[in-house]
Amino acid sequence: MTLTLAFRNLFHDRVRLAVTLIGILFSIVLLAVQLGLYLGARGMIISMIDRADGDLWVMAYGTKNFEEAQPIRARERYVALSTPDVMSATPIVTAFTDWRKPTGGSTLVVVIGADTEEGGIAPWNVVEGDVSGLGARDAVMIDKTYLEELGVNGVGDTAQVGSARVRVSGLTEGIRSFTVTPFVFTTLNRARQLVDMPADNITYVLVKVRPGADVEKVRGAIRAQLPGDNEILTRAEFRDRSLNHWLFATGAGVALLGGAILGLIVGTVIVAQTLYSSTKDHLAEFATLRALGSSKGYINKVILMQAGLSALIGYGLGMTIALTIVYMSEQTALPIVMSPGLAALLLLLTFAMCAVSALSAIGKVVRIDPVMVFNR
Amino acid sequence: MTAVATVSHAPAGTVAATANVVLDARDIVKDLGEGAGKVRALKGVSLTLNAGELTLLMGPSGSGKTTLLSILGCILTPTSGTLSVAGKPTAGLGPEALADLRRNHVGFIFQSYNLFPTLTAEENVRLALDVRGSRGSDAVVAAQRVLQKVGLRHKLKSYPSNLSGGEQQRVAVARSLVGSPSVILADEPTAALDSENGEAVMSLLSQIAKDRSRAVLAVTHDPRTVPYADRILRIEDGLIVGEERRAEGVETVHELARTRKRKANA
Ligand SMILES: Nc1ncnc2c1ncn2[C@@H]1O[C@H](COP(=O)(O)OP(=O)(O)OP(=O)(O)O)[C@@H](O)[C@H]1O
Ligand SMILES: [Mg+2]
């Protein structure tokens, strides 16, 4: 009966129900977009590091993130290779440079050069062409998302990077950068050429440690042989450093999380307001319930169920809209990501929001004097 | 005054020689309001309610009838005095324990019915069972049985807004009855009804009071309710000022009322 009563109370006043649901809906959509953008940003920031096949990254001291790193000497690779328990040490080149569109104008890109036969970093989610196609003269691979920005239509098109001509040999889907700067995959040597890097320089050495060996020990052994202007990070450390830089040092993540908190507050206020006024309207009924001898818990249950039902319906509607937005953002440079974890978190937050909102209504109802049943 | 020893509980079916007292109030005083607006609404009321009797509480407006009913029903606590319901003393009980007592032993009927507008007749009655933790098909059957008893078998699925005042009050009677309380307290149950419906409700109440395990107390202004009473208590200005009882062999209290008038005129 508590559920029936909660349900009827809720649907008794359609206007108020609509306001409640709009409040929850607004809250969920805002939360989903902000947290989804956060997740999307996180994914973009760490995808390159996560995809790279290695345990340790040797890089210039003070590197803040994957895209912006100073060059190091190419021979550091051999230092790493000669360290016991190192299985492979792959040189990688990354740098910003200008991509001149065939149609005129130019745009900033991040060139990523690695020899795919060595492992390291290779394009993934390839939808056209093949990674082995990078072996061909001038070949580069780019992501479909950036075709328009790069002024090309697809495989076979050419453009100018630095002083060299490049030809699109393949396309990936969904490899996006947080800086909205397109990634351009190519081989190690061609990358050096495109960004004008001397032949004895590289950006990273990606070290793979023999399975079972102690990564910390290997790191210590490599560091002992390298000059101090290098540093060696584990995959997790590099990931954290990149996240810290982009999400927190730049304030982008703070803004996203702040927006999410705002959504939560606005939703709570609206639901609290409507639930409180609904409870006030039904106060005489709650007083009657109390006169009939119901416990406080019973009445609180009715109110909480009203809140819970609002939460469920609001969540259903809100998620429908949120998923539509997520779907529409999929092909854009700033995808909003919805994961099962985030969906569960949103459900939890919705329930928490409604439970907190119910507090003022419960506060009102525990103070009712059942004597009012006689004075209607 | 009833001796304490008679405040006993004859098991159902036992026809006790002494009246079966289900409610016992002693020297109830109640102050309402605060500061300058403080009013002593009850000034020392003592009464007992016997199972198997319909008692009417009559008195002018403001005499303290509703206040007394609230106290007897454990909704208000007295400023002083003692009360026991179904043999259980209420002294020192907190709000939850009092709610417990109401749930288990008291049924209420209100002047304005106090039905839940969003629930059907059957659901309104079932709610009173639900509050007692009684759910499921047993509760449905019990609710339907008691609605049949009040003559509303055909209105189970009707909402209060689709019922006449008399029908709504009969749903309320069914609701008060369904938990088998020891005491049913009604505040002006016929005040909002026309005479036909009022009489139907009163006849229902007197029928309910025939149950040997239950007492019914109805507050009323309405002289038409008098014929149904087994006993009438008069309250004035916070004090019980008179009690009349239907004499042995007398069919109604009509005569009693007439006797009273004669006495008053004499
Ligand atoms: N909350 C309150 N604060 C102060 N005084 C009150 C309060 N409630 C009732 N009273 C006073 O207490 C007295 C008894 O009130 P009560 O409602 O019990 O009378 P009643 O006999 O039920 O009257 P009626 O027939 O009009 O319903 C009245 O004088 C009333 O004004
Ligand atoms: Mg009154």
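The values are calculated or read from the model by the stated rules, or taken from the named source; none is laboratory data. Please read all numbers here as calculations on a predicted model, not as lab measurements. All Cβ positions, glycine included, derive from the backbone under ideal geometry; neighbour counts span all protein chains shown. Heads up: the accessible areas ignore ligands, DNA and RNA and are worked out on the full protein's heavy atoms, side chains in. Shrake-Rupley method; radii C 1.70, N 1.55, O 1.52, S 1.80 Å.
In the stretch B:68-83, which residues are free of Cβ contacts under 8 Å to residues at least 40 places away in the same chain and either within 13 Å of ligand 1 (Cβ to nearest atom) or more than 14 Å from chain A (Cβ to nearest Cβ) (or both)?
Passing the criteria: B:S70, B:I75.
Note down all Cβ pairs under 9 Å where the first residue falls in the stretch B:84-107 and is farther than 17 Å from A:L292 by Cβ and at the interface with chain A (Cβ under 8 Å from one of its Cβ atoms), the second is open to solvent by 40 Å² or more (accessible area, probe 1.4 Å) and acidic (D, E), and they're at least six residues apart or on different chains.
From the stretch B:84-107, no pairs qualify.
Step by step: first the residues of the stretch B:108-142, then only those that are more than 10 Å from chain A (Cβ to nearest Cβ), hydrophobic (A, V, I, L, M, F, W, C) and closer than 24 Å to A:H12 by Cα, then the one that is farthest from the chain's Cα centre (by Cα). Which residue is that?
This residue is B:V140.
Just to check your reading of the model, which residue among A:I92, A:I24, A:I28 is surrounded by 16 or more Cβ atoms within 10 Å (Cβ to Cβ), at pLDDT 90 or above and under 20 Å from A:T181 (Cα atoms)?
Being surrounded by 16 or more Cβ atoms within 10 Å (Cβ to Cβ), at pLDDT 90 or above and under 20 Å from A:T181 (Cα atoms) holds for just one of A:I92, A:I24, A:I28, which is A:I92.
Would you confirm whether any residue within the stretch B:164-182 is more than 16 Å from ligand 2 (Cβ to nearest atom), open to solvent by 50 Å² or more (accessible area, probe 1.4 Å), under 14 Å from the mean Cα position of the chain (by Cα) and not basic (K, R)?
yes
Kindly establish whether B:T225 is touching a helix residue (DSSP H, G or I) at 6+ places or on another chain (Cβ under 8 Å), within 16 Å of ligand 2 (Cβ to nearest atom) and not in a loop (DSSP other than H, G, I, E, B).
yes
Can you name the number of the only condition in (1) of a type in the set (S, T, N, Q); (2) open to solvent by 20 Å² or more (accessible area, probe 1.4 Å); (3) more than 25 Å from B:L129 (Cβ to Cβ); (4) more than 16 Å from ligand 1 (Cβ to nearest atom) that B:N104 fails?
Among (1) of a type in the set (S, T, N, Q); (2) open to solvent by 20 Å² or more (accessible area, probe 1.4 Å); (3) more than 25 Å from B:L129 (Cβ to Cβ); (4) more than 16 Å from ligand 1 (Cβ to nearest atom), B:N104 violates only (3).
Is it the case, given these coordinates, that B:A128 is open to solvent by 10 Å² or more (accessible area, probe 1.4 Å) and among the aliphatic types (A, V, I, L, M)?
No.
Look at the stretch A:362-376 and say how many of its residues are open to solvent by 30 Å² or more (accessible area, probe 1.4 Å), within 14 Å of ligand 1 (Cβ to nearest atom) and either over 26 Å from A:Q273 (Cβ atoms) or in a loop (DSSP other than H, G, I, E, B) (or both).
Total meeting the criteria: 3.
Can you find, within the stretch A:287-311, the residue that is farthest from A:K364 (Cα to Cα) among those that are open to solvent by less than 10 Å² (accessible area, probe 1.4 Å) and at the interface with another protein chain (Cβ under 10 Å from one of its Cβ atoms)?
A:G293
Filter the helices (runs of 4 or more DSSP H) completely within the stretch A:177-248 down to those with at least 1 residues that are in contact with an Asp or Glu (Cβ under 7 Å, 6 or more places away or on another chain) and over 18 Å from A:V140 (Cβ atoms).
Result: A:215-225, A:235-243.
So A:L10 ticks every box in (1) surrounded by 20 or more Cβ atoms within 10 Å (Cβ to Cβ); (2) under 30 Å from A:S339 (Cβ atoms) but one. Which box is left unticked?
Condition not satisfied by A:L10: (2).
If you take the residues of the stretch B:227-250 that are away from ligand 1 (no atom under 16 Å from the Cβ) and closer than 17 Å to B:S63 by Cβ, which of them is farthest from the other protein chains (Cβ to nearest Cβ)?
B:E244
If you go through the stretch B:72-81 one residue at a time, do you hit one that is assigned to a helix (DSSP H, G or I), within 16 Å of ligand 2 (Cβ to nearest atom) and under 20 Å from B:L233 (Cβ atoms)?
So far as the stretch B:72-81 goes, yes, one or more of its residues are assigned to a helix (DSSP H, G or I), within 16 Å of ligand 2 (Cβ to nearest atom) and under 20 Å from B:L233 (Cβ atoms).
Looking only at the stretch B:56-89, which residues are in contact with a helix residue (DSSP H, G or I) (Cβ under 8 Å, 6 or more places away or on another chain), of a type in the set (S, T, Y) and open to solvent by 20 Å² or more (accessible area, probe 1.4 Å)?
If the condition is that a residue be in contact with a helix residue (DSSP H, G or I) (Cβ under 8 Å, 6 or more places away or on another chain), of a type in the set (S, T, Y) and open to solvent by 20 Å² or more (accessible area, probe 1.4 Å), then B:T66, B:T77 are the ones that fit.
All but one of (1) in a loop (DSSP other than H, G, I, E, B); (2) open to solvent by 50 Å² or more (accessible area, probe 1.4 Å); (3) within 26 Å of A:I222 (Cα to Cα) hold for A:P102, so report the exception by its number.
(3)
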